[in-house]
Structures are given as C-alpha cells and as structure tokens.
Amino acid sequence: MLLKFRFRVDFALPVEALGRGREMKKNSIPAMPEVSARSCVRAVVTVLIAGALSACGGGGGSGAPTPKPALSVDQKIYEDAALQGGIGSVGYDMPYGGGVLATGTSYVYSVVNTLPNSPLSSGPQTVTPTLATLDSELAVPVLQKTWYVAGGQIVSRSATANVQVTYSGTSVQVAQYADDNQSVVDAFNEDSFREVSLTGLASSAPTELLAVLPLDQWVAAGNFSAGTAWQPGAFYVARKETLVNDRTVLEACYPSPDMSPASPVAKVQPCGSTGTLATLFPLTIYPGGNSHPRETFAATDGSVTTVQGLQVWTANQPEPRGVYPTTSYRVFVQQGGSVYTGVVQHQGAAVATRMTDGSVVGETFALNSAAIGTVGQGVITSPSTVGLTTGILRNLTTPDLIGIGGTGVNGSLSPQDLRTHYDVPPALDGTGQTIALVDAPGPSNFNYFDDLKAYSQAFGLPVCANLVGSCFRHIDLSNGTFVGTGNGGATEATLDIEMVHAIAPGASIVLVTAASSNLADMLAAVNYAASMPQVSAVSASWSYNYPANASTIMNEETQLAQFVAQGKVFFASSGDAGQFPGYGPSYPAMSAYFTSVGGTQIHSISANTGSLADTSWIFSGGGPSPWAAMPSWQSAFVGAAQTSVNMGERAVPDVVAVADPLHSPVALYFEQHWTLEGGTSVGSPVWAGIAALLGQQLADSGTTLAARVAATPGGFNRLLYRSNLFAGSDPALQPLAAGTSFSQGLTCATCSVGPGYNDVAGLGSPDVASLLSAF
C-alpha cells in the first residue's frame, strides 16, 4: 500500500468553523449559525465558569420610565436580516466542479437564525436555528457536532442548538449553547457591520461573496441556472467578530497513523484512555485518515494549569495561522482517565474566516432569507449539460498568515517565491526539456489541465494548451478504470504538476498515472515514463514499504540501472514521518538510482543564505536503509564517520527542498480552490524542475543532461556528490542552519543537522545559479 502521498494543510478545519457548528466536509461551506446568542459580557464570563446562562435584562424600578436608546447602525443592519425571515448561510456538499447532483449524496442546505423580537425592546433573545434543504430533490444532511470544554465537562454542540442574542452598547453579542441548552460554549462580540444589496444575476455577485458561495463556478459546472436573478430585497451581511471569552474546542486525536476518524456523531476521539498529562509526552498528532504526522509536542513546549477544575496543558506558541486563521494554542485536557486535544482561542481574539476559495479574511458573512431563497431557486439537480470547469480566480487581498514574505494566497509560496529563494536565473525556464511525473490513478474524468490553467493564470505562467504536443500531456495507464473513493492520486499529481511548472514554466510535463496504486503497477509506470525518448527526468512523490515488496523492488533495481546508464534522472520524496532507527527509508527513495529529496522549513523567500538559511522540517524522512548497501560514490564522499553512523548502508536523503506545510507552505490550486501544501512531495517535483533548468543550460552549451548522466558512473547522484558543488562563499548546495528529524523519543544518531553530509539535510538545499555553474 502507499505509505505517503502529499501533506496537505487542509487536513483540519479552522477552529472558527468548528466552534460555530459548521459541517466538516471537504469542498463544502460548513453550515453555521451566522447569528448566535450572547448575553452581556459579565454574564457570559460567569456562564463559562459556572456552565449555566443567566440573563442580564433590565430589572424593575420606581419613577418615570427611562427612554431606551435607539438602535445603533450595527444593530439596525443585524435586525434588517434577523427579524425578517432570519439570517444564516448556505451549506453545500456538491460537485460544483462538474457533474450531476445525486439525491442522498449531494446537499444544498441552509442553517437560519430568526430573531423573535428586538433585544433592544425585549431583552436577551433565545434563537433556535433551523436546518433545511434548498432543493426538494436533495436530502438534509446530518451535520457534524463540535465538542467543547465548558463547566469542567466535555459537551457537544449541534448546528441547531440554541443561541442567545443581546445588545451591549452599539454592538451585538452572541452566546452559543451546547446541546443541553444550558452550558454556554462560545461567546463573541459583533460589530463593524456592512449590508451589501444583491441585484442582477446571482453569478455576478461581489467577489467577496463568490469566494464564500461560488455561484459562478456552479454555473460553469452546470449546477446552477445562469439566468437566476437575486430576489427582491436580497442582501448579505459582513461583520467583524471578537471573542469575549476563552473558548476551547476539542478535536479528534489520532496519535497513530492507523487510527480512523471517529463517526461524525460519536464522542470526540481522545489521545488515550489510560494516560495522564504527566505521561502523555512526547506526542505526535496525526490528522484522521492520513498517515502524515501533523505536529509533535514535548512537555516543555507548554505548561499545565487548572482550567474549570481540569488539568490543561497549553502550548507556549500559537499554532501556525495557515491552519487556524484565528490565533489558536494547542491544548491537551485531562478529564478522568482520558486525555483529549484541541485548541484554545483567547478572549479578545479577532475571528478570521477561511473562504471556500482558500483565501482568509477578517470578517464573517451571512445571507438574508431572500438571498438564501435565490440560491435554492437556481440550483439544478440534474443538469443536461456540464459546463466548463476552469477555475474562476478571485482578486481578494489575503492576509499573510505565514510571515515569510510569500506572495501566494495567504502568504504561501508562489512560483516566483520559489525561483527567488532557490536563486533561479530569470533567463532559464526549462524550455526544450520534458519532465515525467508518475502518480497513482485518479478518477477518469479528473481534469488536471483545469487546475494547471488556473494556477498558471494566477501567477502569470505560460498556459499549456490541452492538446497532444503541448506543454502538458496526461497518459492514463489505468484506461479510466480507477476504483476507489475520493480523488485517488489526483491531489498528489496536481501538486507535482504545479511544482514543476513553478520552477521550470517552459518545460513540457508528462503525467503518467499507473494502472493501479499497487507497487508493481506504480513501478511499471516509472518504467513507461523513463522509456519515453524525450523525457530527461522522472519524479515519484510516493513511497512503499520495502519488506512487503522485496522481490518486486529487486527486479526494478535491474531496470533502473539500465535507465541510468542511458542518462535518465530519477527523483523521489524521502517521506514525511521522520526517522525510525532499525526501520529505515522506504522505496524508491532508498534506491541508489533515485535522488532522494528530503524537506526543509523556509524562513524567508530571500535567497537561502546566512541568517536566512533554511532549517530542517522535523518530519522529513531519512536515515540508513537496512536493505541496501551504501554506494561507493556516496561512501567515498561522505567519509568514514558518516559511513559508520549509517552502518555502511545507503543513506537518505541526498538533497532537500521546501516541505514544511505549517510554516512555509506552497500555494496549490486544486479543484477550483486554493490550498496550502507541503511535505517532501513538494521537493521531488521541485528538483525535477531544477533538472529541466540544468538540461536547458547544457543544451544551450551543445550537450545534454542525459549525456552527462550517462557518462558518469553513479548517474545524476554521482554528479551531486562532488566537492566543487560546495566550493566558494555561495555553494551550489547550501547547508541547513539547524534542525532535527522526528524519532518519537528514540535515540537516533542520524537525526540532527551537522556539517557536511547528514541524514537530515543530505548534501543541502539548492542554489540553482551556483549549481548551474558547477555543472
């Protein structure tokens, strides 16, 4: 089976979504009560400690009545929607990238909050949200609950649990109840309201709304009527929210890659049912259903305090904002004999919203009833034709959530950022070179070209025509027989395509998807790609366990030796699980015929030197391979000490490139939205793109990359293990400044960055201009 595909940072919903009862489904706008309940600040703070809500309306008194103040601008906008049919949002789980909506598996629904009376005249108001389908042919979904710590207990909140609305000064305050309708789990202040009228065609709404509700994309996919006009009186509301209390939202904890996600209605999965905070650390968290580790924590990374009578460990540093746009801190909570994990967002934090197109803004959005009705009116459940699926790019200004100067969405790394960081000469773009990417099969109708086109348009890269002989071609060895759920290898393939195009936008790309995801078929696809005369380099961003596939691998090694002798170059990701002594790297990274690419964290898009040098990504794979001897070209270069510490075995990785999905992610356009990506799956195609640049320069000087490789015993790897690549003040392969590899507390002699070759950084990170000179 596949041990690793990509490392996505969209494996967890933002807490601002979880904390408001949104459905946790990919490619959907999770349902949420856009207007919730809240009493005055003093009552709310009391509530969250005591676990019960007390009203704070005015009491009686003698004397002349005191005139009530008029509605503020914010309160007036709120009541325009909340008293007139309700205020809420549209949720959906539908194939808006093209296809036919199917009853029972597709949803278009709304969660609406209707205010009974004005809090100004009637005091705090209790609101019961309603959930309804917007199309009679589509079912109402079962929305996932959100779990909180409130009053010293772990409680759940459904999308239809009560809320309370109170006015305080000029703002609107909201408190959200748990499902018991007694415990308050969340409280926030709303102000800076904007009411935006909607007229004309629904698919021509303001850009910010289409980033929440992509009606224009639904039209293009044939799932929404192009002639649908907004109903009279339709508008949406944007406002800012600030937490008036600490809120602790729990998440399912997966301390093992073998654990499966809990049922959407089951109690939140603990990290352990017999552990305590004292015995918990070190702990690595895995996202549910994904073998890639997400974070690792030591006891000293935080401190233990008593919160609501419970022992709670809280991290010293906030979580990366690319994962949680609202500032959040990791917590571990001990209740009885179980330890749970989640995040706390502190009082005063400004709530940020991740839009469905991947961007983040500092406001939240809601529709009034006429706008919600318009959406239901325009939905086409059985389109007779499917329209274009090319992504419609937004021109939203997104905040830099990463802080390294990236110019991609939300501060992620754009193609220009990557080329700047790796010192790529502007004149080189890979023209005349062909790179092959090998991936597992995806759905037969998956449109890789569509994502590449949108990515290229966004960053001003050449747009490849969807034709044979163009700069992108897809060869499907499965012949459209993909069997499985989700997108199979489509996400990984899209990442590979866009990363090669980012580094070498002038190169041609051939995507070869295997007949199946078993290793024999994947290696057959590698051989198919390498056999193509025009292909100079092959990238494989996946890995398999060696012992279970020993005979298949040994046969492949013989074939690879022949390809390298012909001048072919191969790259493989080193893996995303750190180092485990005695286990070793996986295949094909462990092969001496593949250049193994590990992972780094980038601290600035500026060139990778001096104080701005990269550090290691803790989950970068590497170490000695127990099943392959160290090649002579590697042992001769790394010396006796490194040969010894690697026990005379093939050492991985050879080189590194960016991988950290939390602190230096790359921008990826996938299925009509932006995501922030990472993992060593990024590094392999980045290096394949660099190989295209090398090939272009060599061709300009009258030779070829294949000729250089074929003439060198050991192939491309041997060309990297040469002293001239490390000469001068700006070496071709830059050492990492610091870092270690994850080993889950085990003693690991090869898990630290050091001078010269090491099993964390390999030979180092590329400086392409210097690398070209060295070649």
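Among what's in the range 231-254 and is in contact with a Gly (Cβ under 7 Å, 6 or more places away or on another chain) and at pLDDT below 90, pick the residue that is least open to solvent (accessible area, probe 1.4 Å). Explain how you work it out, then say what you get.
Residues of the range 231-254 in contact with a Gly (Cβ under 7 Å, 6 or more places away or on another chain): 231, 240, 242-243, 247-252, 254.
Of the ones still in play, those that are also at pLDDT below 90 are 252, 254.
On the way: Ala252: 34, Tyr254: 17 Å².
Filtering first and then ranking leaves Tyr254.
Yes/no matrix, rows are residues, columns are (1) open to solvent by 10 Å² or more (accessible area, probe 1.4 Å); (2) modelled with pLDDT of 95 or more:
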| position | (1), (2) |
| --- | --- |
| Val597 | no, yes |
| Ala607 | yes, no |
| Gly610 | yes, no |
| Ile618 | yes, no |
| Pro661 | no, no |
| Val666 | no, yes |
| Phe670 | no, no |
| Trp674 | yes, no |
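Working only within the range 722-734, note down all residues that are surrounded by fewer than 20 Cβ atoms within 10 Å (Cβ to Cβ) and farther than 14 Å from Ala607 by Cβ.
Correct list: Arg722, Ser723, Asn724, Phe726, Ala727, Gly728.
In the range 136-150, is there at least one residue being in contact with a helix residue (DSSP H, G or I) (Cβ under 7 Å, 6 or more places away or on another chain), touching a residue at least 24 places away in the same chain (Cβ under 8 Å) and open to solvent by 10 Å² or more (accessible area, probe 1.4 Å)?
Taking the range 136-150 as the starting set, the residues that turn out to be in contact with a helix residue (DSSP H, G or I) (Cβ under 7 Å, 6 or more places away or on another chain) are 146, 150.
Those left that are additionally touching a residue at least 24 places away in the same chain (Cβ under 8 Å): 146, 150.
Filter again for open to solvent by 10 Å² or more (accessible area, probe 1.4 Å), leaving none.
Within the range 136-150 (the criterion being in contact with a helix residue (DSSP H, G or I) (Cβ under 7 Å, 6 or more places away or on another chain), touching a residue at least 24 places away in the same chain (Cβ under 8 Å) and open to solvent by 10 Å² or more (accessible area, probe 1.4 Å)), the answer is no, since none of the residues qualifies.
If you check Val339, Val344, which single one turns out to be touching a Leu at 6+ places or on another chain (Cβ under 9 Å), surrounded by 17 or more Cβ atoms within 10 Å (Cβ to Cβ) and not in a loop (DSSP other than H, G, I, E, B)? Write out each step before concluding.
On the way: Val344 fails: touching a Leu at 6+ places or on another chain (Cβ under 9 Å).
Going through Val339, Val344 in turn, just one is touching a Leu at 6+ places or on another chain (Cβ under 9 Å), surrounded by 17 or more Cβ atoms within 10 Å (Cβ to Cβ) and not in a loop (DSSP other than H, G, I, E, B): Val339.
Go through the residues of the range 509-525 one by one and say whether even a single one is in contact with a strand residue (DSSP E or B) (Cβ under 7 Å, 6 or more places away or on another chain), open to solvent by 10 Å² or more (accessible area, probe 1.4 Å) and either closer than 23 Å to Ala692 by Cα or touching a residue at least 40 places away in the same chain (Cβ under 8 Å) (or both).
no
Could you tell me whether the range 108-124 includes any residue that is of a type in the set (Gly, Ala, Ser), open to solvent by 60 Å² or more (accessible area, probe 1.4 Å) and not in a helix (DSSP H, G or I)? So that I can check it myself, show each step before the final result.
Taking the range 108-124 first, the residues of a type in the set (Gly, Ala, Ser) are 110, 118, 121-123.
Those left that are additionally open to solvent by 60 Å² or more (accessible area, probe 1.4 Å): 121-122.
This time we only want the ones that are not in a helix (DSSP H, G or I), so: none.
Within the range 108-124, none of the residues are of a type in the set (Gly, Ala, Ser), open to solvent by 60 Å² or more (accessible area, probe 1.4 Å) and not in a helix (DSSP H, G or I).
Quickly run through the range 558-588 and pick out the residues that are open to solvent by 70 Å² or more (accessible area, probe 1.4 Å) and either without any contact (Cβ under 8 Å) to a residue 24 or more places away in the chain or on the phi > 0 side of the Ramachandran plot (or both).
Of everything in the range 558-588, those that are open to solvent by 70 Å² or more (accessible area, probe 1.4 Å) and either without any contact (Cβ under 8 Å) to a residue 24 or more places away in the chain or on the phi > 0 side of the Ramachandran plot (or both) turn out to be Thr558, Gln562, Gly582.
Give me a count of the residues in the range 127-146 that are in contact with a strand residue (DSSP E or B) (Cβ under 9 Å, 6 or more places away or on another chain) and among the polar types (S, T, N, Q).
Matching residues across the range 127-146 total 4.
If I go through the range 610-634 residue by residue, how many of them are closer than 29 Å to Asp423 by Cα and hydroxyl-bearing (Ser, Thr, Tyr)?
Start the filter on the range 610-634 by keeping residues that are closer than 29 Å to Asp423 by Cα, which leaves 610-623, 633-634.
Cutting the leftovers down to hydroxyl-bearing (Ser, Thr, Tyr) gives us 611, 615-616, 620.
Here the count works out to 4.
Does the range 728-741 hold any residues that are over 32 Å from the mean Cα position of the chain (by Cα) and touching a residue at least 12 places away in the same chain (Cβ under 8 Å), and which are they?
First pass over the range 728-741, keeping only residues over 32 Å from the mean Cα position of the chain (by Cα): 728-731.
Of everything in the range 728-741, those that are over 32 Å from the mean Cα position of the chain (by Cα) and touching a residue at least 12 places away in the same chain (Cβ under 8 Å) turn out to be Gly728, Asp730, Pro731.
Condition first: outside any loop (DSSP other than H, G, I, E, B) and more than 24 Å from Gln697 (Cβ to Cβ). Now tell me which residues in the range 722-775 satisfy that. Steps first, please.
Initial filter on the range 722-775 (outside any loop (DSSP other than H, G, I, E, B)): 723-726, 733-734, 740, 752, 758, 762, 765-766, 768-774.
Across the range 722-775, the qualifying residues are Thr740, Ser752, Asn758.
Given the options Asn555, Asn549, name the one that is open to solvent by 10 Å² or more (accessible area, probe 1.4 Å) and in contact with a strand residue (DSSP E or B) (Cβ under 8 Å, 6 or more places away or on another chain). Give the steps one after another, and end with the answer.
Working: Asn555 fails: in contact with a strand residue (DSSP E or B) (Cβ under 8 Å, 6 or more places away or on another chain).
It is Asn549.
Do you know which residues across the range 170-184 are at pLDDT below 95 and crowded, with 18+ Cβ neighbours inside 10 Å?
Ser183, Val184
Taking the options Pro257, Pro264, Pro214, name whichever one is at pLDDT below 95, within 25 Å of Asp357 (Cα to Cα) and either over 29 Å from the mean Cα position of the chain (by Cα) or open to solvent by 50 Å² or more (accessible area, probe 1.4 Å) (or both).
Numbers: Pro257 fails: within 25 Å of Asp357 (Cα to Cα); Pro214 fails: either over 29 Å from the mean Cα position of the chain (by Cα) or open to solvent by 50 Å² or more (accessible area, probe 1.4 Å) (or both).
On inspection, the qualifying residue turns out to be Pro264.
With Gly480, Gly432 as the choices, which residue is open to solvent by 10 Å² or more (accessible area, probe 1.4 Å), part of a loop (DSSP other than H, G, I, E, B) and under 20 Å from Trp687 (Cα atoms)?
Details: Gly480 fails: under 20 Å from Trp687 (Cα atoms).
The conditions single out Gly432.
For the range 746-764, which positions are crowded, with 22+ Cβ neighbours inside 10 Å and within 17 Å of Thr296 (Cβ to Cβ)?
Selection gives Cys751, Val760.
Can you confirm whether Leu413 is under 26 Å from Tyr324 (Cβ atoms) and either of a type in the set (A, V, I, L, M, F, W, C) or in contact with a strand residue (DSSP E or B) (Cβ under 8 Å, 6 or more places away or on another chain) (or both)? Please lay out each step first, then the result.
On the way: under 26 Å from Tyr324 (Cβ atoms): yes; either of a type in the set (A, V, I, L, M, F, W, C) or in contact with a strand residue (DSSP E or B) (Cβ under 8 Å, 6 or more places away or on another chain) (or both): yes.
When the stated conditions are applied, Leu413 passes them.
The values are calculated or read from the model by the stated rules, or taken from the named source; none is laboratory data. Nothing here was measured: the structure is a model prediction, and the numbers come from that model. As a convention, Cβ positions derive from the backbone with ideal geometry for all residues, glycine included, and neighbour counts pool all protein chains shown. For accessibility, only protein heavy atoms count, side chains too; no ligands or nucleic acids. Shrake-Rupley method; radii C 1.70, N 1.55, O 1.52, S 1.80 Å.
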